[in-house]
Amino acid sequence: MDILTERGQQSLADEQQAQNIFTSNYPRYQYAQTPKEKPADVDAFLIRDGIIGGVVETKCRYDVDLEEFKQRYSCEWLVTFDKILKGKQVADALCTKLVGFLYIVQSKTLLVQTIADNGLYVPSIKIMTTQTQATINGRTAVRSNAFIDMSSAKSLVLKN
């Protein structure tokens with residue numbers, strides 16, 4: 001699995017940093033991750049007072065800082081549409097929301113956006129078939145990708 005490679009381990013460490021940023025800003029929430037050595041449909045659950053408050057899809061962006069993300073990518077997060085569909089299905093089944101965590105590593109900033117709630121998509125999402133990197137370790141794939149508007153996402157940094 002990709003998580004067992006050097007790049008996969010770096011991504012896992014950065015995902016944990018994203019988790020730390022979120023919980024430092026929202027200490028009443030617990031971030032319960034799914035097993036990383038298995039291909040789970042979602043990355044984590046947000047739990048508050050013993051109740052699931054959200055299903056999480058997390059990605060780390062390495063190639064830009066926050067300002068470059070806003071300018072070069074028009075504040076749109078590219079994520080495999082299948083991941084969004086599966087995450088929404090899990091969230092819908094649990095009567096909770098699907099939340100996107102986009103960690104901009106260079107800026108040490110976590111963008112948090114509700115992607116779907118009450119069965120409906122919240123931000124503007126464009127679906128296009130494009131060629132993208134297949135995995136954290138490279139290769140290419142042609143597939144349906146979601147371009148999610150992150151302009152109204154909460155921008156979080158680590159609190160002490």
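Remarks
- Selection status of Val42, in a strand (DSSP E or B), of a type outside the set (Ser, Thr, Tyr), buried (at least 17 other Cβ atoms within 10 Å of the Cβ) and modelled with pLDDT of 95 or more: no
- The residues on offer are Thr23, Thr58, and the sole one that is surrounded by 14 or more Cβ atoms within 10 Å (Cβ to Cβ), closer than 28 Å to Thr132 by Cα, under 16 Å from the mean Cα position of the chain (by Cα) and not aliphatic (A, V, I, L, M) is Thr58.
- Among (1) part of a strand (DSSP E or B); (2) crowded, with 19+ Cβ neighbours inside 10 Å, the one test that Val142 misses: (2)
- Complete set of residues in the range 45-63 that are part of a strand (DSSP E or B) and in contact (Cβ under 8 Å) with a residue 24 or more places away in the chain: Leu46, Ile52, Gly53, Gly54, Val55, Val56, Glu57, Thr58, Lys59, Cys60, Arg61
- Failed condition for Leu120, given (1) surrounded by 15 or more Cβ atoms within 10 Å (Cβ to Cβ); (2) at pLDDT 95 or above; (3) not hydroxyl-bearing (Ser, Thr, Tyr): (1)
- Exclusive hit being farther than 27 Å from Glu6 by Cβ and of a type outside the set (S, T, N, Q), set Leu66, Leu94, Leu110: Leu94
- Within the range 123-139, tally of residues that are surrounded by fewer than 17 Cβ atoms within 10 Å (Cβ to Cβ) and of a type in the set (A, V, I, L, M, F, W, C): 3
- Where a residue in the range 64-86 is in contact (Cβ under 8 Å) with a residue 24 or more places away in the chain and its partner, wherever it lies, is surrounded by fewer than 15 Cβ atoms within 10 Å (Cβ to Cβ) and of a type in the set (Lys, Arg), with Cβ under 8 Å and at least six apart: Val64/Arg72; Glu76/Lys126; Thr80/Arg143; Phe81/Arg143; Asp82/Arg143
- Checked against (1) on the phi < 0 side of the Ramachandran plot; (2) touching a Ser or Thr at 6+ places or on another chain (Cβ under 6 Å), Cys75 meets all criteria but (1).
The values are calculated or read from the model by the stated rules, or taken from the named source; none is laboratory data. Just so it is clear, the structure is predicted and the values come from calculations on it, not from any experiment. Counting neighbours? That spans all protein chains shown, and the Cβs are built from the backbone with ideal geometry, glycine included.
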